[in-house]
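Below you'll find the structure, written out as structure tokens, and then a few comments.
The values are calculated or read from the model by the stated rules, or taken from the named source; none is laboratory data. Computed from a prediction, not measured in an experiment: that's the story for all the values here. Cβ atoms come from the backbone with ideal geometry, glycine included; neighbour counts cover every protein chain shown. With ligands, DNA and RNA removed, areas are computed over all heavy atoms of the protein, side chains included. Shrake-Rupley method; radii C 1.70, N 1.55, O 1.52, S 1.80 Å.
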Amino acid sequence: MFKLNTSLHKWLSLLVGIQLLIWLGTGLYFNLMDHQKASGSVHLRSVDHNAATHSKPLMPLSQLAFDNAKQLKLLWILGHPYYQLTFESGAHGYQHKDVTLVDAHSGDIRPLSETLVRTIALKSYDGAVSITSAHLLTPPIDELPREENPVWQVKLDDANHTNVYIEASSGAVLGHFNDDRRLHDLMLKLHFMDYFNTGGFNHWLIIVFAIASLLLSMTGITWLVERFKSGQLRIMLKPSSQQVTVTDQATAQSSVLTLSTQETLFDALAQHNVLLPSNCGGGGTCGLCRIHSEQALKITPPEQARLSKSKLAEGYRLACQHKASEVTHITVRTNKESAKAQ
Amino acid sequence: MIKKIRKYHKWLMAFVGIQFLIWSLTGLYMVSMDIHFIHGEHLRVEHLREASPQQSSQTLALNKVNYSLSDLLSEYPHAQNITLGYLLDKQVYRFMTHAQGKVLVDASSGERLAPLNEAQAITVAQYHFTGSAAVASATLIKDVENTPSELSARHLPVWQITFAGFSSPTFYINQHTAEVVTTRHLAWRAFDWMWRFHIMDYDDGENVANWFLLLIALLGCVAACMGAVLTYQRVFNTSQAGAK
């Protein structure tokens, strides 16, 4: 069970490790970012569409030659009145909608002209700037992945590479997309694992990774609980030590070492330059830091997983699983390097 | 080196590991639940969509609009955001004025409609609700102090109409315009709590930039980087000279 848990932890971390670091890094970005900058609205200001006076009569609604509209709005665009007729629309603005703009003086269909769009774009920008280009885009639109309706894109020549997006069906400014906003959107894309440009976070890739990270956390916590139970996750307030006679298996030489009882034997021995072989660095997963003791020591799950029954019966244990306080005499086999050091 | 990294990974995770579990759990909930379902779109009849077989969608009858826009503009010269639509089966204008706030006017008579009473609010909620459950409660919310955290105070005054049922579908209806300003149900409320725990802002969930998240995320980053080293070491490095 212990072995399954730790090897699951290892392989899951291999699967989600990079994405987990991306989640943490982008999460830190969202924590530290400047919200106004990141939303691209540093130079955004509202456009005044109201007319100074509206003396010219509006065409009576009964004379409009349109059936089947479900909603009608009197819309002022740069001082000129329009009837905005909605034939179909969804719960969100970005969802597909069927909307027609009609000149409220003449009653004719009058889509937003490029001239109007360019004026709105400049008025929405706080500061002196000029236009590089203006295009009516149809979905899919790179910077607005969820948008399902045509949108005007006006490129400005400022230092921050601002694109102004204007809804074709209303003249409303959807937003300023500049380099700050692009950085924010890239971070969001990374956080949402939206590597296939769905514009959202409800997709199978992130669901699989979320399940894998949940298992990674659960196996990690199980491991921590196991370590806590075997006494390797306790904070000792009073430092104490224990005299232990350590015999080297190869040379048969013994020495009495004063070992700290706060740490595992593996770590305490290392402080005295007695380096036991290990791949995992004291995690109980490689089974290399074997020691021998004549005393009756408890058997921990990693030992059950890594040492054979006969070895356990003979008195072999793993140094990373026991504290110095548990023993008085042990036999160790050391690394070549530590033998040299001694 | 590996030994130290293992030790620090263990001790750091002993402090922040629970938050990793919370991040994965809340994240899994948020990505696996369809956001349109969370937003309660299934609770609302989309009156502005193409007519569905069950619900005939209403189209405007412009010839029945006796109170013209010119009339409206002469009576309310500063009216803004004027919209012509339906309130149940009645054609109405909805607009804003600085002096009167949100105004609702009958489009055939020009008569200004009074704010919704309880019975009207319930009828409006039932008109928009896709379900057929009974109304469990109807409350008029006028004060900012009594506003539940799931509702933005800018929508006030609203009728809160809650239907019976496991998920307690709730409709918030503006008292002046009779429009559904928002809905809530169990899965959305759960989503809000998931979000709060995800960004570690436990009161209103509005502040991602809190120092607690910063601290735990920084420690978590360090712990995760150490974990990456340990994984690399265990998966790709099989030499035995580890305990230096």
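Brief remarks on what is shown
- Flag for A:HIS184 being outside any helix (DSSP H, G or I) and over 30 Å from B:ALA14 (Cα atoms): no
- Test result for B:GLN126, part of a helix (DSSP H, G or I), within 20 Å of the chain's Cα centre (by Cα) and not aromatic (Phe, Trp, Tyr): yes
- Residue match in the stretch A:263-282 (condition: farther than 21 Å from A:GLN242 by Cβ and surrounded by fewer than 23 Cβ atoms within 10 Å (Cβ to Cβ)): yes
- Residue, nearest to B:PHE129 (Cα to Cα), within the stretch B:154-171, restricted to residues that are without any contact (Cβ under 8 Å) to a residue 24 or more places away in the chain and either surrounded by 12 or more Cβ atoms within 10 Å (Cβ to Cβ) or in contact with an Asp or Glu (Cβ under 9 Å, 6 or more places away or on another chain) (or both): B:THR170
- Checked against (1) surrounded by fewer than 16 Cβ atoms within 10 Å (Cβ to Cβ); (2) more than 7 Å from chain A (Cβ to nearest Cβ); (3) among the hydroxyl-bearing types (Ser, Thr, Tyr), B:TYR29 passes all but a single condition, namely (1).
- Considering B:GLU145, B:GLU206, the condition of being open to solvent by 20 Å² or more (accessible area, probe 1.4 Å), part of a helix (DSSP H, G or I) and without any contact (Cβ under 8 Å) to a residue 12 or more places away in the chain is satisfied by B:GLU145 alone.
- Matching entry among A:ALA305, A:ALA313 (being over 22 Å from A:THR251 (Cα atoms) and either open to solvent by 80 Å² or more (accessible area, probe 1.4 Å) or free of Cβ contacts under 8 Å to residues at least 40 places away in the same chain (or both)): A:ALA313
- Condition check for A:ARG234: assigned to a loop (DSSP other than H, G, I, E, B) and of a type outside the set (Gly, Ala, Ser): yes
- A:GLU294 vs. criteria touching a residue at least 24 places away in the same chain (Cβ under 8 Å), surrounded by fewer than 18 Cβ atoms within 10 Å (Cβ to Cβ) and within 17 Å of A:VAL256 (Cα to Cα): yes
- Only one entry in A:GLN63, A:GLN19, A:GLN36, A:GLN84 is out of contact with any His (no Cβ under 9 Å at 6 or more places or on another chain), surrounded by 18 or more Cβ atoms within 10 Å (Cβ to Cβ) and over 27 Å from B:ARG44 (Cα atoms), namely A:GLN19.
- In summary, A:SER260 fulfils each of the numbered conditions (1) at pLDDT 85 or above; (2) open to solvent by less than 30 Å² (accessible area, probe 1.4 Å); (3) farther than 25 Å from B:VAL16 by Cα with the single exception of condition (1).
- Scanning the stretch A:281-307 for residues that are part of a helix (DSSP H, G or I) and either over 17 Å from A:THR6 (Cβ atoms) or more than 14 Å from chain B (Cβ to nearest Cβ) (or both) yields A:PRO301, A:GLU303, A:GLN304, A:ALA305.
- Some residue of the stretch B:3-19 being open to solvent by less than 20 Å² (accessible area, probe 1.4 Å), touching a residue at least 60 places away in the same chain (Cβ under 8 Å), more than 7 Å from every other protein chain (Cβ to nearest Cβ) and under 26 Å from the mean Cα position of the chain (by Cα): yes
- Test for A:LEU78: is it on the phi > 0 side of the Ramachandran plot and not small (Gly, Ala, Ser): yes
- Index of the failed condition, B:SER70 passing every other in (1) touching a residue at least 12 places away in the same chain (Cβ under 8 Å); (2) over 30 Å from B:ARG184 (Cβ atoms); (3) at the interface with another protein chain (Cβ under 9 Å from one of its Cβ atoms); (4) surrounded by fewer than 19 Cβ atoms within 10 Å (Cβ to Cβ): (1)
- Unmet requirement for B:ALA134, which otherwise passes all of (1) free of Cβ contacts under 8 Å to residues at least 24 places away in the same chain; (2) surrounded by fewer than 13 Cβ atoms within 10 Å (Cβ to Cβ); (3) more than 14 Å from every other protein chain (Cβ to nearest Cβ); (4) of a type in the set (A, V, I, L, M, F, W, C): (1)
- Only one entry of A:ALA212, A:ALA250 meets the criterion of being surrounded by 17 or more Cβ atoms within 10 Å (Cβ to Cβ), touching a residue at least 40 places away in the same chain (Cβ under 8 Å) and either assigned to a strand (DSSP E or B) or out of contact with any strand residue (DSSP E or B) (no Cβ under 7 Å at 6 or more places or on another chain) (or both), and that entry is A:ALA212.
- Lone unmet requirement of (1) crowded, with 19+ Cβ neighbours inside 10 Å; (2) modelled with pLDDT under 85 for B:ILE82: (2)
- Contact map, the stretch A:15-32: residues that are facing another protein chain (nearest Cβ under 7 Å) paired with residues that are open to solvent by 40 Å² or more (accessible area, probe 1.4 Å) and not in a helix (DSSP H, G or I), Cβ distance under 6 Å, separation 6+ or inter-chain. Pairs shown: A:ASN31/B:ALA209.
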